[in-house]
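Okay, structure first, notes after.
The values are calculated or read from the model by the stated rules, or taken from the named source; none is laboratory data. Quick caveat: nothing in here was measured; it's all calculated off a predicted structure. FYI the Cβ positions are ideal-geometry reconstructions off the backbone, even for glycines, and counts take in every protein chain you see. Note: accessible area is taken over every heavy atom of the protein model, side chains too, but ligands, DNA and RNA are not part of it. Shrake-Rupley method; radii C 1.70, N 1.55, O 1.52, S 1.80 Å.
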Amino acid sequence: MPKPSLKTRLKRWWNYSQLSRRGRSAAEYARARNTPGMIFDDFGRALGRSIAAKDYDWGLSLAATPVNIVRYFEFDFVARHLPAPTDGSRWLDVSSPRLFSMWASRTFPQASVRFANPDPADANATKYLASCAGIDRLSIDGAEVAALRGSGPYQAIWSISVIEHIDGAYTDADAMRWLYNELAPGGRLLVTLPVDRVYREDFRPVDHYNGVQHVNEKGEIFFARFYDLAHLQRRVLDAMPKPPDAIEFWGEKVAGRYAAYEKRWIRDGLRCTVDDAREIADHYQSYPDWASMPGSGIVGLRYDKPA
């Protein structure tokens, strides 16, 4: 591929610099309002700058939008509940957004972190970016949840907004049970899921996960399910051998805010997501329970396996 002209490269640099400036401003605004997950904003921006030396587009995109929308809460939830690592700790990330495992691998050298993702494009991109960033202790492979059975024991397993995408040969309930079974005695499972006032399943015309999801009779591709309390109980909580040891809810302050954001995201891409920290700071908050939430959001679940 021919090298872009100097004019093209300068234009790209200018566009990215403007977006990065907006992103940093949004982050400063969110930090002043005690928005959760800001350590990941800092980590991602620094990581993006280091990657930019080897891959300009990947690096500057990450530096402009290091954390996407509700990941601010999800990353914060999992980080706060991670067990203290010891030498030889084995940790497993099941297909979460890659930034979290890159952070965990760099922050906790005592633990070996395995990142399993059956989407080949995403797994390969994670390998590439980890290599560009010099993160060489993160093990990355393409195993799906079913293939992880028997690979334990792990002292910690986390799966950030993944279980809701599972459909087909096995279910979300199967995945929850299997992951819990792979914990070492005293180990911890951390999972986040999307919730809403009414249960729904989202099918899309575009394959976001490169052949991993099933196709319905209309030719639409399954994307995710959004749990109401009854479906969360039946499909997830009832599948487990014990109640969660911790449960937290976080979501939009006004119903419909996330749906409007998603439309802007699809339309504008990076020009929308650079303001994610400000969006989260202004329009989302924690809730004591599902009943208190006016619209969509996230639930964080922690399960501790008895020692």
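What to note about this one:
- 0 to 90° range, to nearest 10: angle between helix 172-181 axis and the chain longest Cα axis: 80
- Within the accessible area of the chain (1.4 Å probe), percent carbon and sulfur: 54
- Other-chain or far-sequence residues with amide H under 5 Å of Phe115's (modelled H): Asp93, Ser139, Ile140, Asp141
- Each residue of the range 233-248 was assigned a 3J(HN,Hα) from its phi angle through the Karplus curve 6.51 cos²θ - 1.76 cosθ + 1.60 (θ = phi - 60°); the sequence is 5, 6, 8, 10, 5, 5, 6, 8, x, 7, x, x, 7, 8, 9, 9 Hz, with glycine and proline shown as x.
- Close amide H partners of Val195, meaning residues 5 or more places away or on another chain with modelled amide H under 5 Å apart, are Tyr227, Gly297, Ile298, Val299.
- Helix-only mean residue ellipticity at 222 nm for the chain, each DSSP H run of n ≥ 4 adding -39500 (n - 2.57), per residue, nearest 500: -12500 deg cm²/dmol
- Of the listed residues Thr8, Thr65, the order by accessible area with a 1.4 Å probe, largest first, is Thr8, Thr65.
- Probe 1.4 Å - accessible area at Phe203, Å² to nearest ten: 60
- For the chain, built as a Gaussian network whose Cα springs stay under 10 Å, the top-fluctuating residue of Ser112, Ser286, Ser151: Ser151
- Separation of the range 231-307 from the range 32-48 is 18 Å, based on Cα centroids.
- Near Ser25, once Lys and Arg are set to +1 and Asp and Glu to -1 for all other residues with Cβ below 10 Å from its Cβ, the sum equals +2.
- A simple rule links phi to the HN-Hα coupling: the Karplus curve 6.51 cos²θ - 1.76 cosθ + 1.60 with θ = phi - 60°, which for the range 271-281 gives 5, 8, 6, 4, 9, 4, 4, 5, 4, 5, 4 Hz, with x for Gly and Pro.
- Theoretical gain in end-to-end length, Tyr199 to Ala291 [0.36 nm per residue, Cα-Cα removed]: 31.7 nm
- Extension gain, Trp58-Ser139: 0.36 nm per intervening residue step, less the Cα-Cα distance, totals 27.1 nm.
- For the range 98-249, the alpha-carbon coordinates run over 43, 37, 29 Å along the three principal axes, in decreasing order.
- Between helix 120-133 and the chain: long-axis angle, C-alpha atoms, 0 to 90°, nearest 10: 60
- Taking only the Cα atoms of the range 53-120, the ratio Rg/Rh comes out at 1.00, with Rh defined as the Kirkwood radius.
- Per residue accessible area in Å² of the range 135-203, where ligands, DNA and RNA are left out and the probe is 1.4 Å: 36
- Summing charges over neighbours of Asp304, with a neighbour being any other residue whose Cβ is under 10 Å away from its Cβ, gives +3 when K and R count +1 and D and E count -1.
- Sites Ala307 and Met240, calculated FRET efficiency, Cβ-Cβ separation with R0 22 Å, nearest 0.05: 0.80
- The lysine pair count for the chain, using Cα distances under 25 Å and pairs eight or more places apart or on different chains, is 9.
- Converting phi to 3J(HN,Hα) with the Karplus coefficients 6.51, -1.76 and 1.60 and the offset θ = phi - 60°, the range 102-110 yields 5, 5, 5, 5, 6, 7, 10, x, 5 Hz in sequence order, with x at every glycine or proline.
- Just checking the listed ones, Ala230, Ala175, Ala116: in the Gaussian network model of the chain with Cα springs under 10 Å, the one fluctuating most is Ala230.
- Percentage, to the nearest whole number, of Cα pairs in the chain over 36 Å apart: 15
- Highest GNM mean-square fluctuation among Arg188, Arg278, Arg21, for the chain modelled with Cα contacts below 10 Å: Arg21.
- Rounded tilt (10° steps) of 6-32 against the dominant C-alpha axis of the chain: 50
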